[in-house]
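Right, one structure below, let's go through it.
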Amino acid sequence: MLPSANEHAITVDLDLDRPREECGVLAIASTSDDVARSAFFGLYALQHRGQEAAGIAVSDGRAVRTHKGVGLVNQVFQPGTLDPLVGGLAIGHTRYSTTGSNSERNVQPYVVETIHGPLGVAHNGNLVNADQLRTKLLERGAGLQSSSDSEVLALMLAGAEGANWEERLAAVMPSWEGAFSLVILAASKVIAVRDPWGFRPLSVGRLPSGGHAVASETGALRTLGCETSREVEPGEVVVLQNDIARSVRAMPPREQLARCTFEHIYFSRPDATWDGLLVHQARQRLGEELAREHPVEADVVIPVPDSSTPAAIGYGNASGIPYNEGFVKNRYIGRTFIEPTDDLRRQGVALKFNTLPTNIDGMRVIVIDDSIVRGTTSSQLIRMIREAGAREVHVRITCPPVISPCFFGVDMGSYDELIAHQLEVPEIADHIGADSLGFLSVPRMMKALGRDDGYCNACFTGEYPVPVQLSLDISKQRFDGVIQ
């Protein structure tokens, strides 16, 4: 018998060599009482941002009802589970854990009772000062129920001073250091908040039937029928109530913004708009710049699907080398709750990819990928290409080498897990078995994005936009021993 979404089970993650985003957030203020169903489909459009847990909280103006659990969106929400979630206000969350392990008590949204009424919070990002904030809450006698920094945000907001939730947010936001895109549910309104650095994406759009929606990506807003949308500005608070959306400036934006470059490189769906740029076009330009910076004689350009497909098209266009598909991806594998056999485990990425030998046999192949973090997947993919008959394999990466961990909500691993922190580029090429290896440089990457600044490139440079303690324990289980 297969384990249910809420049972503890061994999971297999076939993207271990990828940087992993921690979550997507969604909020809806509708004139309809069937908002939970819309939230479900909105979360479906954000499933790629987190595949460990999902949840929805709904308010009818008086009470907040919640359903959440460990698993994919369609595992957590079975037929009938949405029926009790009646109301016109909702927030939703789909999670990949960064602070706080993947357990039931860390699933969002968090809903707490306060003196001002019920409060629900869902969070995308990571606070670099969560340890200090958590300690202060515990010293004040707060009863923390999870090991996530997101609950710290919720409890700080619940205890803040102010005449309304907007004022309370303005009171506590200056003490939050790091990345936070939040959606907040009160009894009578929904609130969206973005940190003053602008680390994580957050956009708001108008629903065709009345009301508004907020989501981590614009593609989710279009799924809900929003024809127009805009980014929530860094430091802005957007309040959605009835059919009205109003903006409050809780904090001024930082002089140096710090949007996450990996949204363009890997995280966002290609149909998303991020910083005014369509992600698909940005990735295609990354590929074009990569071809100019790292040309090589070859017969075919192939992507590692899916995020690298636009970049491979761009590389092919700029180089004049034909683009073709070399891998077939199983797009339904996701995260599985069943352990593979020992043979399949040894094959590794063969669970997710198969090659197309007729497209690469006897050829000099350029493989376009979005990143190399640990190097494990790259070596297996190259071996598969050689076994399919390729004469040469040249790897080109659409970002610079990842030399530093992320402290702002992207799970890349620690210094000793990052292959580019340990080895030089020629050594990495030998390690993964490539005939040559080229990474896009930071200047070329920013040229492809048409930007000079305003982005966080700390994982490539080691220069962090917010002061961080480099020895900080960034493991997502660091608070897990506190509560059993």
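The figures follow:
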{"read-out": "Matching residues in the range 115-133 - criterion: being more than 18 Å from Leu182 (Cα to Cα) and at pLDDT 90 or above", "value": "Ile115, His116, Gly117, Gln132"}
{"read-out": "Residue check for Arg364: basic (Lys, Arg) and at pLDDT 95 or above", "value": "yes"}
{"read-out": "Residues (under 19 Å from the mean Cα position of the chain (by Cα) and either of a type in the set (S, T, N, Q) or crowded, with 24+ Cβ neighbours inside 10 Å (or both)) located in the range 46-67", "value": "Leu46, Gln47, Arg49, Gly50, Gln51, Ala53, Ala54, Gly55, Ile56"}
{"read-out": "Selected residue (criterion: modelled with the highest pLDDT) from residues of the range 401-420 that are part of a loop (DSSP other than H, G, I, E, B) and of a type outside the set (A, V, I, L, M, F, W, C)", "value": "Pro401"}
{"read-out": "Verdict on Ala434 being of a type in the set (A, V, I, L, M), crowded, with 16+ Cβ neighbours inside 10 Å and part of a loop (DSSP other than H, G, I, E, B)", "value": "yes"}
{"read-out": "Scan of the range 223-236 for residues that are in contact (Cβ under 8 Å) with a residue 60 or more places away in the chain and surrounded by fewer than 18 Cβ atoms within 10 Å (Cβ to Cβ), ordered by number", "value": "none"}
{"read-out": "Filter pass, Thr398 being touching a helix residue (DSSP H, G or I) at 6+ places or on another chain (Cβ under 9 Å), at pLDDT below 95 and over 11 Å from Gly326 (Cα atoms)", "value": "no"}
{"read-out": "Residue match in the range 197-207 (condition: free of Cβ contacts under 8 Å to residues at least 12 places away in the same chain, surrounded by fewer than 22 Cβ atoms within 10 Å (Cβ to Cβ) and assigned by TED's automatic domain parsing to the domain that holds Asn242)", "value": "no"}
{"read-out": "Contacts under 7 angstrom Cβ, first residue in the range 428-442 being touching a residue at least 12 places away in the same chain (Cβ under 8 Å), partner assigned to a strand (DSSP E or B) and surrounded by fewer than 20 Cβ atoms within 10 Å (Cβ to Cβ), 6 or more apart", "value": "Ala429/Ser436; Asp435/Glu392"}
{"read-out": "Single condition Glu151 does not satisfy, out of (1) outside any loop (DSSP other than H, G, I, E, B); (2) more than 19 Å from His116 (Cβ to Cβ)", "value": "(2)"}
{"read-out": "Selected residue (criterion: nearest to the chain's Cα centre (by Cα)) from residues of the range 240-274 that are farther than 19 Å from Gly178 by Cα and part of a loop (DSSP other than H, G, I, E, B)", "value": "Ser268"}
{"read-out": "Condition check for Arg105: in contact with a strand residue (DSSP E or B) (Cβ under 7 Å, 6 or more places away or on another chain) and surrounded by fewer than 24 Cβ atoms within 10 Å (Cβ to Cβ)", "value": "no"}
{"read-out": "Options Ala158, Ala192; residue that is aliphatic (A, V, I, L, M), closer than 26 Å to Val86 by Cα and surrounded by 24 or more Cβ atoms within 10 Å (Cβ to Cβ)", "value": "Ala192"}
{"read-out": "Spans of strands (runs of 3 or more DSSP E) in the range 171-239 with at least 1 residues touching a Phe, Trp or Tyr at 6+ places or on another chain (Cβ under 8 Å), on the phi > 0 side of the Ramachandran plot and not aromatic (Phe, Trp, Tyr)", "value": "178-185"}
{"read-out": "Residues satisfying the stated conditions in the range 289-303, i.e. out of contact with any Lys or Arg (no Cβ under 8 Å at 6 or more places or on another chain) and either at pLDDT below 95 or not hydrophobic (A, V, I, L, M, F, W, C) (or both)", "value": "Pro295, Pro303"}
{"read-out": "Residues satisfying the stated conditions in the range 21-34, i.e. modelled with pLDDT of 95 or more and among the β-branched types (Val, Ile, Thr)", "value": "Val25, Ile28"}
{"read-out": "Out of Leu381, Leu286, sole residue that is closer than 28 Å to Asp271 by Cα, part of a helix (DSSP H, G or I), modelled with pLDDT under 95 and within 26 Å of the chain's Cα centre (by Cα)", "value": "Leu381"}
{"read-out": "Top-ranked residue of the range 315-343 - restricted to ones that are within 25 Å of the chain's Cα centre (by Cα), assigned to a loop (DSSP other than H, G, I, E, B) and modelled with pLDDT of 60 or more, ranked as farthest from Gln284 (Cα to Cα)", "value": "Tyr332"}
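The values are calculated or read from the model by the stated rules, or taken from the named source; none is laboratory data. The structure displayed is predicted, hence computed values, not measured ones. Here Cβ is always computed from backbone atoms with ideal geometry, including for glycine, and neighbour counts include all displayed protein chains.
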